[in-house]
1. Can you tell me which residue in the range 201-222 is nearest to Ile163 (Cα to Cα), limited to those that are away from the ligand (no atom under 12 Å from the Cβ) and buried (at least 18 other Cβ atoms within 10 Å of the Cβ)?
2. Quick check on my filter: what residues within the range 1-20 are crowded, with 16+ Cβ neighbours inside 10 Å and either free of Cβ contacts under 8 Å to residues at least 12 places away in the same chain or touching a strand residue (DSSP E or B) at 6+ places or on another chain (Cβ under 7 Å) (or both)?
3. I want to confirm something. Restricting to the range 106-127 and keeping residues that are under 15 Å from the mean Cα position of the chain (by Cα) and over 15 Å from Ala68 (Cβ atoms), which single residue is farthest from the ligand (Cβ to nearest atom)?
4. What are the pairs with Cβ atoms under 6 angstrom where one residue, in the range 93-105, is more than 12 Å from the ligand (Cβ to nearest atom) and the other, located anywhere, is polar (S, T, N, Q) and in a helix (DSSP H, G or I)? Sequence gap at least six, or different chains.
5. Scan the range 152-167 for residues that are buried (at least 19 other Cβ atoms within 10 Å of the Cβ) and either of a type in the set (Lys, Arg) or near the ligand (Cβ under 9 Å from one of its atoms) (or both) and jot them down.
6. Could you say which residue among Val141, Val108 is buried (at least 20 other Cβ atoms within 10 Å of the Cβ) and either acidic (Asp, Glu) or in contact with a strand residue (DSSP E or B) (Cβ under 8 Å, 6 or more places away or on another chain) (or both)?
7. From the list Val38, Val23, Val6, exactly one residue is assigned to a helix (DSSP H, G or I) and under 23 Å from Ile171 (Cβ atoms). Which is it?
8. Under the condition of being under 14 Å from Glu219 (Cβ atoms) and either at pLDDT below 95 or in contact with an Asp or Glu (Cβ under 8 Å, 6 or more places away or on another chain) (or both), which residue from the range 182-191 is surrounded by the fewest Cβ atoms within 10 Å (Cβ to Cβ)?
Amino acid sequence: MRKKLVAGNWKMHGSRAMARELVDAIVKDMPEGVDVLVCPPAVYIGELAARHAGTALGVGAQDCSEHAGQGAYTGDVSAQMLADVGATWVIVGHSERRQLHGEPDDMVGRKFAAALATGLTPIVCVGETREEHEAGRAHEVIERQLGAVLAINGIEAFHKGLIAYEPIWAIGTGLTASPDKAQKIHSFIRSQLAKEDANIARLTRVLYGGSVKPANAAELFAQPDVDGGLIGGAALAASDFLAICAAAR
Ligand code: PGA
């Protein structure tokens, strides 16, 4: 059915030497039967992808431009450029991009499209803030975020693309959605896809992200609609990341 996936989102951390050392350690001991992906800062992607070409490790980016190819977009990196240096995956719509860079839902949808057009596999992040959570608005927010991706890309885009549910109140805070709460939201996300295509809904992987640690990973990944994790802080230590990968087996 749906193979579990564990992705490390390093955010803006590390150095060239640290990246090499960390990924060497991950590749050496990564378990079989789980898709393992690292998303380092963009400048390290080329070297890491080349170094581990031919292994099962996936290398992805944390973001891409909504614009295709080339152009006057200072600071942007296109999906084509990421693919050119060996990335095969890309995260779009991470809450830090949405909040710190003001990326609106439709831009996230266009980034998803840009990734697909280049052959990258996009992982779109959705999730509610603490205020929205407390106001009982999680479903409404997720429906809106997902709706923008669907409006631009259509349900067929999820033949390839993935979703990560990342409640913003759980990111980097040490607070994790309880396995039961995560399951309920993941099931809701799947039901949103199922409104358009039940088969695609059944096959689409929905990852959980937000303070996943070795101690809570197994319980989260045991939920029927949780297909793995998007890991921030714990992805920066090989032993923690590998323990989380092992929990997904
Ligand atoms: P965290 O980050 O695991 O440090 O909470 C997850 C993420 O932001 O992708």
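1. Val206
2. Across the range 1-20, the qualifying residues are Lys4, Leu5, Val6, Ala7, Gly8, Asn9, Trp10.
3. Of all residues in the range 106-127, those under 15 Å from the mean Cα position of the chain (by Cα) come to 108-109, 111-112, 115-116, 120-127.
Narrowing further to those that are over 15 Å from Ala68 (Cβ atoms): 108, 121, 123-127.
Details: Val108: 15, Thr121: 16, Ile123: 10, Val124: 12, Cys125: 7, Val126: 12, Gly127: 9 Å.
So the residue we want is Thr121.
4. From residues that are more than 12 Å from the ligand (Cβ to nearest atom), the pairs are Asp105/Gln145.
5. To start, the set of residues in the range 152-167 that are buried (at least 19 other Cβ atoms within 10 Å of the Cβ) comprises 153, 157-158, 161-167.
Result: Ala164, Glu166.
6. Values: Val141 fails: buried (at least 20 other Cβ atoms within 10 Å of the Cβ).
Only one candidate passes the filter, namely Val108.
7. Numbers: Val38 fails: assigned to a helix (DSSP H, G or I); Val6 fails: assigned to a helix (DSSP H, G or I).
Answer to the check: Val23.
8. So the first thing to find is which residues in the range 182-191 are under 14 Å from Glu219 (Cβ atoms), and the list is 182-183, 186.
Checking which are either at pLDDT below 95 or in contact with an Asp or Glu (Cβ under 8 Å, 6 or more places away or on another chain) (or both) leaves us with 183, 186.
Details: Gln183: 18, His186: 22.
Applying the filter and picking the extreme gives Gln183.
The values are calculated or read from the model by the stated rules, or taken from the named source; none is laboratory data. Everything numeric here is computed off the predicted structure, so don't read it as measured data. Heads up, the Cβs are rebuilt from the backbone with ideal geometry, glycines too, and the neighbour counts pull from every protein chain shown.
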